[in-house]
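This report concerns only the one structure given below.
Values in this text are rule-based calculations from the coordinates and carry no lab data. This one's a predicted model, so the numbers in the text were calculated from it and none came from an experiment. Every residue, glycine among them, receives a Cβ derived from its backbone with ideal geometry; neighbour counts consider all protein chains shown.
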Amino acid sequence: MNLHYIFYCFFFVASSANGLSTNTSETIRLETSQQEFTAGETIVLTFSGTQDASIVLYCTNSYGTTLVSATAKNNQLQYTIPTQICAKTGIVNWKLLDTKNSLSGTFTIHSQNQPVSMETYVGPPSIAADENDYTMLVVIPTDALDNPVKENTKVALKRQFLATEQQETIQTKNLIAYQNIYAPTKSGRMLLATECLGLNSKEFTVNVLPAISTDFEIYAKRPHEYADGNQITTFTTSILKDENNNIVSDGTFVEFFIENTDGNLLKTSGMTIDGVATAQLLHPDHAETWKVQAFVTGISKSNTISLTYKKVMDDFTISFSKNNRNIKIGPLRSFMNQLIPDGLQVTCIVSQNGKVIESYLKESRDGFVNFELNPNILSNGNYDFEITTAGITKTVKAKKLW
């Protein structure tokens, strides 16, 4: 390649932005009058006035740059544009690299009329049944050479939701066609498809899920109202719905917070099935009042309910034996005078001269609890005993152990 060719390549500037406009010399003239071409067809630029085949044609488009050699015939130069340039749409700038003649111009390549493929994207695939939420559909129809179709090409957008079918027309712009598809107010499954000049896309699915829940009610169910530490209280919610009356999705997490008489917080939780969440909690083992409220964290809350549990017994019996080192608690009787179910906790605190020496914790079995006092820990002497169960505390003072 001659140095003057490189010089022209480096300093080339298109002289015209529209059509095959040229800046001609007195000798060489452009004979090709066609200004617009279709991608894939053969493009030949013909110049008259010379048979100097050493003159090359500089071509550039958005995909790259190349030099084209001439074919001399009948006092004309013919330049066949390479296929890699002919195959892509856009404006092509050209310039004859001749030191004696300055000739340059442009031509335009358009996409083929019939698309052969259509890239379609839909996302997000799930939206909430809220008029402010939406999914976006993007369509890119392309011809056989992978060029996007012409601007303002019509694309039919079809959708089906529940018992409704709709169709609307969108147009390509800046290589693509797109549409924001806003969510309906009901939950369900939406089907989408597109069509462009007889070419159809595949089917796309958008799940329209219920929106976030609104405030709800809670209820409590229990076998009885006694604090036996054995039975279970079951908490349930009303059917959780969004603002459009859709039942919330299964698995929505609901937390139940319980404040007891001492101001301490207990917690249980459940997940919704068909809009209803269920949770359970063991009865307290002493008289108590619960205040219960449920939350879908950061979204909604329930009303507050109050539950009162009655004490299950008024008194219990304490008996000492075996040098007062065996303490028998019971029989422990419940609200119908039946033996308390196994598992009721009983604590025994042993102190001497106001100082706690030892503490014990056991659970009832068959209505009784037995504490064995180890002489290696509690030597002979007088001790005070404080025994608590079911919220009832009894004290035995100055009991002698030997």
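Using square roots of five times the C-alpha gyration tensor eigenvalues, list the equivalent-ellipsoid semi-axes of the stretch 140-292 in whole Å, biggest first.
That gives 56, 14, 12 Å for the three semi-axes.
Using the Karplus curve 6.51 cos²θ - 1.76 cosθ + 1.60 with θ = phi - 60°, work out ³J(HN,Hα) for each residue of the stretch 199-213 in order, rounded to whole Hz, and write x for Gly and Pro.
9, 10, 8, 7, 7, 10, 10, 10, 8, 9, 8, x, 6, 5, 6
Using only Cα atoms, figure out Rg for the stretch 311-402 and give it as a multiple of 2.2 N^0.38 Å.
1.08
Would you mind ranking Trp94, Trp290, Trp402 by Cβ crowding within 10 Å, fewest neighbours first?
Least to most surrounded, the residues fall as Trp402, Trp290, Trp94.
Looking only at the chain, where both bridge partners belong to it, what percent of the DSSP beta bridges are antiparallel (to the nearest 5)?
Around 95 percent antiparallel, to the nearest 5.
Rg to Rh for the stretch 218-311: what is it, with Cα atoms only and Rh by Kirkwood?
1.01
Across every pair of different alpha-carbon atoms, what Kirkwood hydrodynamic radius in Å does the stretch 117-209 reach?
Answer for the stretch 117-209: a Kirkwood hydrodynamic radius of 13.5 Å.
Between Thr388 and Asp250, what length in nm is gained on full extension when 0.36 nm per residue of separation is reduced by their alpha carbon distance?
45.2 nm
Can you give the convex hull volume per residue for the Cα atoms of the stretch 239-395, as a whole number of Å³?
It is 159 Å³ per residue.
Val116 to Ser269: FRET efficiency via 1/(1 + (r/R0)^6), r the Cβ-Cβ distance, R0 51 Å, to the nearest 0.05?
The computed FRET efficiency comes out at 0.40.
Based on other C-beta atoms within 10 Å, arrange Leu281, Leu199 from fewest to most.
Ordered from fewest to most neighbouring Cβ atoms within 10 Å, Leu281, Leu199 come out as Leu199, Leu281.
Helix-derived [θ] at 222 nm for the chain: sum -39500 (n - 2.57) over DSSP H runs of at least 4, divide by residue count, nearest 500?
Estimated from H runs of four or more residues: -500 deg cm²/dmol.
Rounded to whole Å and ordered largest first, report the semi-axes of the equivalent ellipsoid of the stretch 257-337 derived from its Cα gyration tensor (root of 5λ).
Output for the stretch 257-337: semi-axes of 39, 13, 13 Å.
Defining a contact as two alpha carbons under 8 Å apart and six or more residues distant in sequence, what relative contact order in percent does the stretch 210-299 show?
Computed over the stretch 210-299, the figure is 34 percent.
Ile212 label point, 7 Å along Cα→Cβ, cut-off 12 Å on backbone N: hits in the stretch 264-298?
Flagged as within label range: 296-298.
What's the exposure ranking of His286, His110, going from fewest to most Cβ atoms within 10 Å?
Lowest count first: His110, His286.
Can you give the extra length, in nm with one decimal, that the chain gains between Ser126 and Ile318 once fully stretched, where that is 0.36 nm per residue apart less the Cα-Cα distance?
Value of the extension gain: 62.5 nm.
Under a cut-off of 30 Å between alpha-carbon atoms, report the lysines in cross-link reach of Lys150, not counting same-chain residues fewer than 8 places apart.
Partners within reach: Lys88, Lys95, Lys158, Lys173, Lys202.
List the lysines whose Cα lies under 26 Å from the Cα of Lys362, skipping any in the same chain that are fewer than 8 positions away.
Reachable lysines: Lys267, Lys310, Lys311, Lys322, Lys328, Lys394, Lys397, Lys399, Lys400.
Within the stretch 117-209, what percent of beta bridges assigned by DSSP are antiparallel, to the nearest 5?
Beta bridges within the stretch 117-209, antiparallel portion: roughly 90 percent.
What translational diffusion coefficient, in µm²/s and rounded to a whole number, does the Stokes-Einstein relation yield for the stretch 57-109 at 25 °C and a viscosity of 0.890 mPa s, taking the hydrodynamic radius as the Kirkwood radius over Cα pairs?
Value of D from the Cα-based Kirkwood radius: 208 µm²/s.
Which residues does a label at Asp342 reach in the stretch 307-329, if reach means a backbone N under 20 Å from a point 7 Å past the Cα toward the Cβ?
What the label zone holds, given the 20 Å backbone N cut-off, is 328-329.
Between Thr99 and Thr42, take the C-beta separation as r, use R0 = 45 Å, and let me know the FRET efficiency to the nearest 0.05.
After rounding, the FRET efficiency stands at 0.95.
P(r) tail for the chain, what percent of Cα pairs lie past 40 Å?
58
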